[in-house]
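Presented below is the structure to which this report refers.
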Amino acid sequence: MLLPKKIFFTRGIGRGETQLQSFENALRDADIAAYNLVSVSSILPPYAEIVDKSEGIKLLSYGQILFTVLARNSSNELNRMISSAIGVAVPSDRSKWGYLSEHHTFGQTENDSGHFAEKLAAEMLASTMGLDDHLRWEEKKNEYVLDDKILTTKNIAATTVVLKPDEWATVIAAAVLVV
């Protein structure tokens, strides 16, 4: 069974003469270019431990197949702002699954993009519990709360602007699930 035991978050920004080159450079910036990435949907597995990126990278072998929830955005339009973000909502009861959300957009700051992705994940978790109306932002904790049902929410985001004519820029944000 391929049930991830750990998860880490990363982000990257890349530039290049082609869209593919800028994507590769974003993967390098995120430290996940040396792996074969498989995109998966939005479930945070029960009991999966969230670890720092540096700890997660140590668990990997070059060429390994990595399951990721990947948000990606690219543009070659001069002065265009691009953003990608991953949000996560972790339930208090870790025997239950949580949610990961991906968000990619234009014209949003890194903070706004990350906050939106975090809200999406929290809303998805709240809706599975039938508690949509109970979700609220807790200013002191700087995260979403759902009575006693959400342990934590957070996000990771990357934003950049296309700086030169004939340049491609790519931003990625990823949740990497370690099996």
Q.
I'd like the full set of residues that are in contact with an Asp or Glu (Cβ under 9 Å, 6 or more places away or on another chain) and within 26 Å of ILE150 (Cα to Cα), limited to the range 55-74.
A. VAL69, LEU70, ALA71
Q. Pairs under 8 Å by beta carbon, first residue hydrophobic (A, V, I, L, M, F, W, C) and assigned to a strand (DSSP E or B) in the range 62-74, partner open to solvent by less than 50 Å² (accessible area, probe 1.4 Å) and modelled with pLDDT under 95, six or more apart or different chains?
A. VAL69/SER42
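With respect to ALA117, is the statement that it is out of contact with any strand residue (DSSP E or B) (no Cβ under 9 Å at 6 or more places or on another chain), modelled with pLDDT of 95 or more and either surrounded by fewer than 24 Cβ atoms within 10 Å (Cβ to Cβ) or aliphatic (A, V, I, L, M) (or both) true?
So ALA117 fails the test.
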Q. Which one of these is open to solvent by 80 Å² or more (accessible area, probe 1.4 Å), in a helix (DSSP H, G or I) and farther than 19 Å from VAL40 by Cα: ASN111, ASN79?
A. ASN111
Q.
I'm told SER42 meets every condition in (1) modelled with pLDDT under 95; (2) open to solvent by less than 60 Å² (accessible area, probe 1.4 Å); (3) out of contact with any Ser or Thr (no Cβ under 8 Å at 6 or more places or on another chain); (4) of a type in the set (S, T, N, Q) except one. Can you identify the failing condition by its number?
A. (3)
Q. Are any residues in the range 138-155 in contact (Cβ under 8 Å) with a residue 24 or more places away in the chain and open to solvent by less than 30 Å² (accessible area, probe 1.4 Å), and if so, which ones?
A. GLU143, TYR144, LEU146, ILE150, THR153
Q: Go through the residues of the range 86-93 one by one and say whether even a single one is open to solvent by 70 Å² or more (accessible area, probe 1.4 Å), in a strand (DSSP E or B) and of a type outside the set (Asp, Glu).
A: no
Q | Options PHE8, PHE23; residue that is of a type in the set (Phe, Trp, Tyr) and in a helix (DSSP H, G or I) | A | PHE23
Q) out of contact with any helix residue (DSSP H, G or I) (no Cβ under 8 Å at 6 or more places or on another chain) and either more than 21 Å from VAL38 (Cα to Cα) or free of Cβ contacts under 8 Å to residues at least 12 places away in the same chain (or both): does that describe ASP112? A) yes
Q: Taking the residues in the range 1-35 that are under 24 Å from VAL179 (Cβ atoms) and of a type in the set (Val, Ile, Thr) as candidates, determine which candidate is nearest to the chain's Cα centre (by Cα).
A: THR10
Q.
With the structure loaded, tell me whether TYR47 is assigned to a loop (DSSP other than H, G, I, E, B), open to solvent by 40 Å² or more (accessible area, probe 1.4 Å) and free of Cβ contacts under 8 Å to residues at least 40 places away in the same chain or whether it fails that test.
A. no
Q) Looking only at the range 156-179, which residues are within 20 Å of ARG94 (Cα to Cα) and open to solvent by less than 40 Å² (accessible area, probe 1.4 Å)? A) ALA175, VAL176, LEU177, VAL178
(Q) Looking only at the range 50-72, how many residues end up being open to solvent by less than 20 Å² (accessible area, probe 1.4 Å), over 13 Å from VAL179 (Cα atoms) and of a type in the set (Gly, Ala, Ser)? (A) 1
Q | Tally of residues being among the hydroxyl-bearing types (Ser, Thr, Tyr) and in contact with a helix residue (DSSP H, G or I) (Cβ under 9 Å, 6 or more places away or on another chain) across the range 19-59 | A | 2
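The values are calculated or read from the model by the stated rules, or taken from the named source; none is laboratory data. Note that this is a predicted model, so its numbers are computed, not measured. FYI the Cβ positions are ideal-geometry reconstructions off the backbone, even for glycines, and counts take in every protein chain you see. Remember, those area values only see protein heavy atoms, side chains included, never the ligands or the DNA or RNA. Shrake-Rupley method; radii C 1.70, N 1.55, O 1.52, S 1.80 Å.
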